[in-house]
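*Asks:* Before anything else, here's the structure in question.
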Amino acid sequence: MLRRLPEKTKYAPKKPKRFGSQSRYRPSKPFLQSSPVKENQELEVVIDDIGSRGDGIAKLQGDLIFVPRSKIGERVKVRIASVGGKFAVAERVG
């Protein structure tokens with residue numbers, strides 16, 4: 001048997017949601033933003049960090065570029081092999 005709500009709460013106005021309101025969402029960056037690098041582009045980058053798999057990591061405008069066989073502090077000329085969402089994988093040139 002179904003339970004009925006009391007008449008006084010049945011038609012009561014609903015309270016606005018406290019969290020997750022769309023009116024407060026103001027992103028600092030555009031939703032779809034193009035990557036600063038493209039495939040087959042050649043760059044010269046400085047390795048800032050080492051990733052968990054041993055690849056060198058360079059940063060360019062907030063995006064990460066993974067460079068295999070590199071060390072921290074090295075200045076390397078690379079060619080972008082593939083581009084993901086916020087990262088790219090590169091290979092060393094020369």
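Laboratory data are not the source of any read-out in this text; all were calculated from the coordinates shown. If you're wondering where the values come from, they're calculated on a predicted model, not measured in any experiment. Note that each Cβ is placed from the backbone with ideal geometry, even for glycine, and that neighbours are counted across all protein chains shown.
*Asks:* Which trypsin sites (Lys or Arg not before Pro) does region 33-94 hold that lie in a coil by DSSP with at most 15 other beta carbons within 10 Å?
*Replies:* Listed in order of number, the matching sites are K38, R53, R69, K71, K86.
*Asks:* Let me check I have the definition right: for region 35-94, take the eigenvalues of the Cα gyration tensor, multiply each by 5, take square roots. What are those semi-axes in whole Å, largest first?
*Replies:* In descending order, the three semi-axes are 15, 13, 10 Å.
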